[in-house]
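The values are calculated or read from the model by the stated rules, or taken from the named source; none is laboratory data. Since the structure is predicted, the reported quantities are computational estimates derived from the model, not experimental observations. In this analysis, Cβ positions are derived from the backbone assuming ideal geometry, glycine residues included, and neighbour counts consider all displayed protein chains.
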Amino acid sequence: MGKELNETAQVARGLGPDPFQGSLASARRPEDPLEPVRYAPSEPLNLRQNDVHVWSFCLDVPVASLTRFHGILSPDELERAQRFHFEKHRKRYIAGRGWLRTLLGGYLGIPPEGITFAYGEYGKPELLGKCGNQEIHFNLTHSDSIACAAVTRAGAVGLDIEHVRPLTDMGELVNRFFSPRESSLFEMLNRNEQPGAFFNLWTRKEAWLKATGEGISQYLKQVEVSFLPGETPQLLELPERFQRACEWSLHALNPGPGLKGALAIAVRGTSIAHWHWSEFRAAS
Ligand SMILES: CC(C)(COP(=O)(O)OP(=O)(O)OC[C@H]1O[C@@H](n2cnc3c(N)ncnc32)[C@H](O)[C@@H]1OP(=O)(O)O)[C@@H](O)C(=O)NCCC(=O)NCCS
C-alpha cells in the first residue's frame, strides 16, 4: 500500500502545477483478469502521442470539494447546473465538470478555470483552440455517482460506462437499437446472461458514437459490435460514411463492480492506462 501511495503521489506531481492539490489518494487494481488496461501507475503522467489515460472518480464529493469545483466552472456551466431539477444531479454535474477541468488543466499546465470548451453539433465538448499548441482529445461519461474521463493526443475518443441492471423495457430497446443480427444473437442467450450482454453492446456502441461526436442518433442500429459474454470488443460494421475515415479501435474498461465500460478511439495501437481515485468515496 505504501508503495502504491508513493507511486500515485509521483503521478500527481507529473500532472503539472499541483492540479489535485495533493489529493490523489490511491490507485487500486480491479479484480477482473480480462481487463486489458494497466492500473497502479508507476511513472509520471506524461501523455505521449499514443497514450490514452482514463481516470475514474466518484461524483458524490465532500462540500469543500464541491465549493472548489463550483468556483472553477464557467458561467454557462453554472447556468446549466442551475437547470437540474434535483440537487443530487446538480452536484454531480458540478463535480464532473470540476474534475474534468482539473484533469485537463493538469495535462495542459493551465489553471482549470482557464479552460474554454467548444461544443460540436450534437453537444460534444472539445477544447477550444490548441491550448498552448497541444491538441488534446477527451471525453467524459457518468453513471450515477461514478464518472470516467479519457484524455489522449492520439485521436478522437469516446467512452461510456453503465451500471448493469435489469431493464423492464429491454426487449423494446433491443428492437429499436440492435441490428437484426445482434437481436437474434441476443435472443439465444440465457436470461441471466442478457443484462450483461445488453450493456456490453450499449456501452460499446455509445462509446463509438461519442467518439464521432454524433451521440445517440440514427446510427445506433447501423453500428454493429461484438457483445456476447467473453467476446473481445470489436467494431464489426460501421455506417458507410465512417467506414474509410480512420482506423477505429474499441476497448473494454472496468470502471468498478457492477459496471460495464467501453472506450472507442479513432486510431489503432494505443496504450491505455486506467486509474481510479478513491479520494471522494465518502460524501460529507
Ligand atoms: C451524448 C449522449 C450520448 C450522452 O448520453 P449519456 O448516457 O447521458 O451520457 P454519458 O454519461 O455517457 O456522457 C455524457 C457526457 O458526454 C459528453 N457529451 C455530450 N454530448 C456529447 C456528444 N454528442 N458526443 C460525445 N460526448 C458528448 C459530455 O461531457 C457529457 O457530460 P456533461 O454534460 O456532464 O459534461 C447523449 O446525450 C446524446 O446522444 N446526445 C446527443 C443529443 C442530440 O443529438 N441532441 C440534438 C442536438 S440538436
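Given Leu253, Leu228, which one is within 19 Å of the chain's Cα centre (by Cα) and either exposed (fewer than 13 other Cβ atoms within 10 Å of the Cβ) or touching a residue at least 12 places away in the same chain (Cβ under 8 Å) (or both)?
After ruling out the rest, the residue left standing is Leu253.
Taking helices (runs of 4 or more DSSP H) that fall entirely within segment 119-234, which contain at least 1 residues that are of a type outside the set (S, T, N, Q) and closer than 25 Å to Asp76 by Cβ?
194-212
Report every pair of residues separated by at least 6 positions or lying on different chains whose Cβ atoms are under 8 Å apart, first residue within segment 79-90 and in the same structural domain as Ser143 (by TED's automatic domain parsing), second part of a helix (DSSP H, G or I) and surrounded by fewer than 14 Cβ atoms within 10 Å (Cβ to Cβ).
That search, which allows pairs on different chains as well, returns Arg90/Gln82.
Out of all the residues in segment 149-165, is one or more more than 16 Å from the ligand (Cβ to nearest atom), modelled with pLDDT of 90 or more and not hydroxyl-bearing (Ser, Thr, Tyr)?
yes
State which residue is nearest to Leu103 (Cα to Cα) when the search covers only segment 157-179 and only residues that are out of contact with any Asp or Glu (no Cβ under 9 Å at 6 or more places or on another chain) and aliphatic (A, V, I, L, M).
Val157
With the structure loaded, tell me whether Arg204 is modelled with pLDDT of 95 or more, within 16 Å of the ligand (Cβ to nearest atom), of a type in the set (Lys, Arg) and out of contact with any helix residue (DSSP H, G or I) (no Cβ under 7 Å at 6 or more places or on another chain) or whether it fails that test.
yes
In the list Gly123, Gly114, Gly98, which residue meets the criterion of being buried (at least 22 other Cβ atoms within 10 Å of the Cβ) and either farther than 19 Å from Arg48 by Cα or in the same structural domain as Leu201 (by TED's automatic domain parsing) (or both)?
When all the criteria are applied, what remains is Gly98.
Within the bounds of segment 158-178, is there any residue that is over 23 Å from His53 (Cβ atoms), out of contact with any strand residue (DSSP E or B) (no Cβ under 9 Å at 6 or more places or on another chain) and of a type in the set (S, T, N, Q)?
yes
Give me the pairs, please: first residue somewhere in segment 139-157 and assigned by TED's automatic domain parsing to the domain that holds Cys58, second residue anywhere and part of a loop (DSSP other than H, G, I, E, B) and near the ligand (Cβ under 10 Å from one of its atoms), beta-carbon distance under 6 Å, and either six or more positions apart or on two chains.
From residues that are assigned by TED's automatic domain parsing to the domain that holds Cys58, the pairs are Ser145/Leu59; Ala147/Leu59.
Which residues, taken from segment 158-185, are free of Cβ contacts under 8 Å to residues at least 60 places away in the same chain and among the hydrophobic types (A, V, I, L, M, F, W, C)?
Result: Leu167, Met170, Leu173, Val174, Phe177, Phe178, Leu185.
Checking Ile216 against (1) at pLDDT below 95; (2) under 20 Å from His163 (Cβ atoms); (3) surrounded by 13 or more Cβ atoms within 10 Å (Cβ to Cβ); (4) away from the ligand (no atom under 16 Å from the Cβ): exactly one of these is not met. Which one?
Exception for Ile216: condition (4).
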